[in-house]
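Structure record follows, encoded as structure tokens.
Read-outs throughout are calculated quantities, based only on the coordinates presented, and are distinct from any laboratory measurement. Everything numeric in this text was worked out from a predicted model, so none of it was measured. Here Cβ is always computed from backbone atoms with ideal geometry, including for glycine, and neighbour counts include all displayed protein chains.
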Amino acid sequence: MPESRARQKDSVRRLFASITPFYDFLNHTLSLGLDLYWRRQLVEAVAASPPGALLDLAAGTCDVSIALARRYPERRILAMDISLPMLRRGREKAAFHAGKASPFAPLAIIDADAGALPLPSGSVAALTLAFGLRNMPARGETLSEMHRALMPGGRLYVLEFGAAAGSAAWKRLYNLYLCSVMPRLAGLVSGQREAYVYLARSIRSFPRAEDLGEEIRRAGFSRVSWKAFTKGVVWLHSAEK
């Protein structure tokens, strides 16, 4: 792995380790609870995938993984991330939910790098990725690795922040919140303002929906489509191998 890419991954690991204790609370608070709706749309979209195991990549504290396990109890769920503190929190949450929900799919939580998935080719039926793609270096190579892991006919679902769509006033309001209000609020709660400054920058520099769709096509996927939520604050891309 090139040294610059390794440094970027180490930086992402440190960043998410620093905000793990506050991560879930700030996700819900800073999104005004909309993150629950966005993730629910992602989980429901997976119903269109063929039978087989599901991989939740960049699983973090496993909100999507747990929702998949509850929604699709007949499937095997794999949750992977490079942040051990986030995964430890995810294991605690998964154990709690598994004890309360019945049925609940088998859930394996694994420390893994999205650029080198510890999976045979063609081994998963669907791959979900919520709010993690923008933190991954060498995005094209990583998308190709996801393509490798999916079985023929398997589905990719990428939920990610984007540039707001609509009126100029709405875009100005969104950018003010994203770049100024959100980091200050997050800093007051977590003491990690710079982590949320980075997150805001990563959102603003992420490709537009059309451009990301083209990147997904270049990685080998077909039937690429995307849908906006909350006036373009969040986009759900889907594609097929």
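I'd like the antiparallel share, as a percent to the nearest 5, of DSSP beta bridges with both residues in the chain. All intermediate terms of the calculation are to be shown ahead of the outcome.
Numbers: 13 of 32 bridges.
Counting DSSP beta bridges with both partners in the chain, the antiparallel share is about 40 percent.
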Name the shape class, rounded, prolate or oblate, that the alpha-carbon gyration tensor gives for the range 17-67, where a ≥ b ≥ c are the square roots of its eigenvalues, rounded holds for a/c under 1.5, and otherwise prolate holds if a/b is larger than b/c and oblate otherwise. oblate
List the aspartates and glutamates whose Cα lies under 19 Å from the Cα of residue 227, skipping any in the same chain that are fewer than 8 positions away. 35, 44, 160, 210, 211, 214, 215, 240
Have a look at 21, 72, 147 and report the one farthest towards the positive end of the charge dipole of the range 3-240, computed about the Cα centre with Cβ charges (Lys/Arg +1, Asp/Glu -1). 21
Can you give me the distance in nm between label points at residue 91 and residue 76, each placed 7 Å from the Cα along the Cα-to-Cβ direction? 1.9 nm
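Within a 10 angstrom radius of the beta carbon, how do 146, 136 rank from fewest other beta carbons to most?
On the way: 146 26, 136 22.
With the sparsest Cβ surroundings first, the list reads 136, 146.
Fully extended, how many nm does the chain gain between residue 175 and residue 25 (0.36 nm per residue separation, minus their Cα-Cα distance)? Before the final figure, lay out the partial values.
On the way: separation 150, 0.36 × 150 = 54.00 nm, distance 2.16 nm.
Separation in residues times 0.36 nm, less the Cα-Cα distance, equals 51.8 nm.
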Please check which bits of the range 73-111 a label hung off residue 13 would reach, taking the label as a point 7 Å along Cα-to-C-beta and the cut-off as backbone N under 20 Å. 79-91, 109-111
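Please identify the helices of the chain, taking whole runs of DSSP H, that span at least 20 Å along their own axis as judged from the Cα atoms and have a mean Kyte-Doolittle score of 0.0 or higher. Could you put the intermediate results ahead of the total?
Working: long enough: 3-19 (25 Å, -0.94); 84-100 (24 Å, -0.75).
Correct list, ordered by number: empty.
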With a point put 7 Å past each Cα toward its Cβ, work out how far residue 121 is from residue 144 in nm, to one decimal. 1.3 nm
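What FRET efficiency do you get for residue 168 and residue 113 if R0 is 51 Å and r is their Cβ-Cβ distance, rounded to the nearest 0.05? Don't skip to the end; give the middle numbers.
On the way: r = 40 Å, r/R0 = 0.79.
Step by step, r from the Cβ atoms, then E = 0.80.
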Under 27 Å from the Cα of residue 231 - lysines, other chains or at least 8 residues apart: 171
Residues 72, 157, 177 arranged by fewest to most Cβ contacts within 10 Å: 177, 72, 157
